[in-house]
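The structure appears right after this line, and notes come after that.
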Amino acid sequence: MSKRRRSYRNKRRKQRLPGGPIFLGVAILIALAILAFGRSRKAETTASSPIPDTLTVMTANDTAPELLSNDQVTVTQESRPPVLPAPLTGQPTQPDVTALSSQLQARLRDVLDGRAQVIPLRDEWLNLLNQPLNTNQMLELKEALGQLSQLWLWEPKIHSGDQLCTTYHVNPGDQLATIARKFHIPWELIGKINAIDNPSDLKAYQPLKIPQGPFHAVVYKSSFTMDIYLKDTYVRSYEVGLARPGKVTPTGLWLVEGRMRAAPWTDPETGRTYQPSHPDYPLGPVWIPLKGISGDAAGQPSYGIHGTNEPESIGTASSSGCVRMRNHEAEQVYLLLQPGESYVRILD
């Protein structure tokens with residue numbers, strides 16, 4: 001190698017900054033520290049994020065949130081309340097533009113007589129719920145949708161085009177309880193729809209009609225009504241009784257915590273314990289305990305949905321704070337709401 005070339009290389013070496021590897025190592029350590037700090041802040045933020053107090057409208061592009069499994073009754077960050085449509089109460093000042101009631105009943109007769117299909121009519125009426133209707137029209141439409149739900153929900157026939165119910169073919173070894181968990185509904189609902197009185201009567205390869213749950217409820221204190229939804233789709237309404245003067249039915253979000261039949265009940269005011277066999281037993285055939293999640297409901301104990309021995313009190317302020325229903329309607333709601341997965345929103 002020539003002396004000129006060696007001299008040039010030595011000169012270039014002298015021009016380089018000293019400690020290059022050290023600076024590189026320090027830079028790497030600083031980058032790793034920044035990354036670790038960022039991850040720590042993200043985890044802290046996630047752990048402290050509150051469960052939202054409000055429910056928003058689900059659009060066609062939204063995905064349903066992951067809900068609790070069957071054997072859990074605690075809301076976690078991974079299990080958020082479902083989204084539900086805005087309150088369906090109508091506009092009192094909107095004028096009547098058509099004789100909606102007669103039109104609805106005529107269309108319903110067409111379905112019952114086989115001249116029209118169930119699902120297209122249901123979907124048409126569901127879309128109509130989003131139109132400007134006055135309060136009376138809204139009530140008439142919800143009543144007609146409730147009548148229609150007897151056909152698409154409670155009967156074993158699967159109707160063409162139904163996206164809310166599906167057909168499940170029983171596999172060898174399947175049990176009603178395990179099938180129900182897959183679809184987030186009580187097993188008794190599957191039995192009711194498919195005329196299976198005893199779970200042991202389930203047969204391999206048997207086709208079952210199954211609603212794709214879970215179901216939820218919205219209670220309106222101002223009108224003493226409860227609306228039932230299948231996920232975010234309106235199904236039907238029930239009349240309810242709520243807190244009498246001096247008592248309160250707390251507003252907010254509740255989680256269905258359990259389901260019981262013929263449950264003993266102790267009156268918190270008198271301390272008396274009622275047994276189902278007592279002639280004045282006040283809860284009716286079913287008791288659905290609720291766990292307060294947010295709003296005024298948060299942390300509230302001993303509230304629930306139940307039947308009554310005073311059916312004349314439904315539609316009035318008559319309970320100690322619970323949501324009371326006519327016994328046969330409480331039985332229906334008992335079949336719909338799944339512990340740990342169904343929510344009840346109580347509004348003024």
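The values are calculated or read from the model by the stated rules, or taken from the named source; none is laboratory data. Keep in mind that what you see is a predicted model, and the values were worked out from it rather than measured. As a convention, Cβ positions derive from the backbone with ideal geometry for all residues, glycine included, and neighbour counts pool all protein chains shown.
Does region 312-334 contain at least one residue that is of a type in the set (A, V, I, L, M) and in contact with a helix residue (DSSP H, G or I) (Cβ under 6 Å, 6 or more places away or on another chain)? Taking every residue of region 312-334 in turn, none turns out to be of a type in the set (A, V, I, L, M) and in contact with a helix residue (DSSP H, G or I) (Cβ under 6 Å, 6 or more places away or on another chain). Scan region 258-277 and tell me whether some residue there is of a type in the set (A, V, I, L, M) and closer than 29 Å to L141 by Cβ. The answer is no; no qualifying residue exists. Going residue by residue through region 233-244, is there one that turns out to be closer than 26 Å to G292 by Cα, within 23 Å of the chain's Cα centre (by Cα), charged (D, E, K, R) and modelled with pLDDT of 95 or more? Within region 233-244, one or more residues are closer than 26 Å to G292 by Cα, within 23 Å of the chain's Cα centre (by Cα), charged (D, E, K, R) and modelled with pLDDT of 95 or more. With respect to G90, determine if the residue is at pLDDT below 80 and at positive phi. Against the criterion (at pLDDT below 80 and at positive phi), G90 qualifies.
Flag: D96 does not match the condition of being modelled with pLDDT of 95 or more and in a loop (DSSP other than H, G, I, E, B).
Output yes when any residue across region 326-342 is part of a loop (DSSP other than H, G, I, E, B), in contact (Cβ under 8 Å) with a residue 40 or more places away in the chain, charged (D, E, K, R) and over 19 Å from M226 (Cα atoms), and no when none is. The answer is no; no qualifying residue exists. Residues being of a type outside the set (S, T, N, Q), in contact (Cβ under 8 Å) with a residue 60 or more places away in the chain and surrounded by fewer than 19 Cβ atoms within 10 Å (Cβ to Cβ) are represented in region 158-165 by at least one member.
Taken over region 227-243, residues that are closer than 11 Å to I314 by Cβ and of a type in the set (A, V, I, L, M) amount to 2. For region 186-201, filtered to residues that are without any contact (Cβ under 8 Å) to a residue 40 or more places away in the chain and hydrophobic (A, V, I, L, M, F, W, C), the residue that is farthest from K157 (Cα to Cα) is W187. Of all residues in region 135-147, none that is under 21 Å from L112 (Cα atoms) has its Cβ atom under 7 Å from the Cβ atom of a residue that is basic (K, R) and at pLDDT below 95, 6 or more apart or on another chain. For region 169-186, taking the residues that are surrounded by fewer than 18 Cβ atoms within 10 Å (Cβ to Cβ) and outside any loop (DSSP other than H, G, I, E, B), the one that is farthest from the chain's Cα centre (by Cα) is identified as H169. Residues in region 245-260 that are small (G, A, S) and not in a strand (DSSP E or B) were compared, and the one that is farthest from G321 (Cα to Cα) is G258. Evaluated against (1) crowded, with 24+ Cβ neighbours inside 10 Å; (2) under 16 Å from the mean Cα position of the chain (by Cα), P339 falls short on exactly one condition, (1). Do we find that G241 is over 23 Å from P214 (Cβ atoms) and crowded, with 21+ Cβ neighbours inside 10 Å in this structure? Yes, satisfied. Residues in region 104-130 that are assigned to a helix (DSSP H, G or I) and either modelled with pLDDT under 90 or acidic (D, E) (or both): 3 in all.
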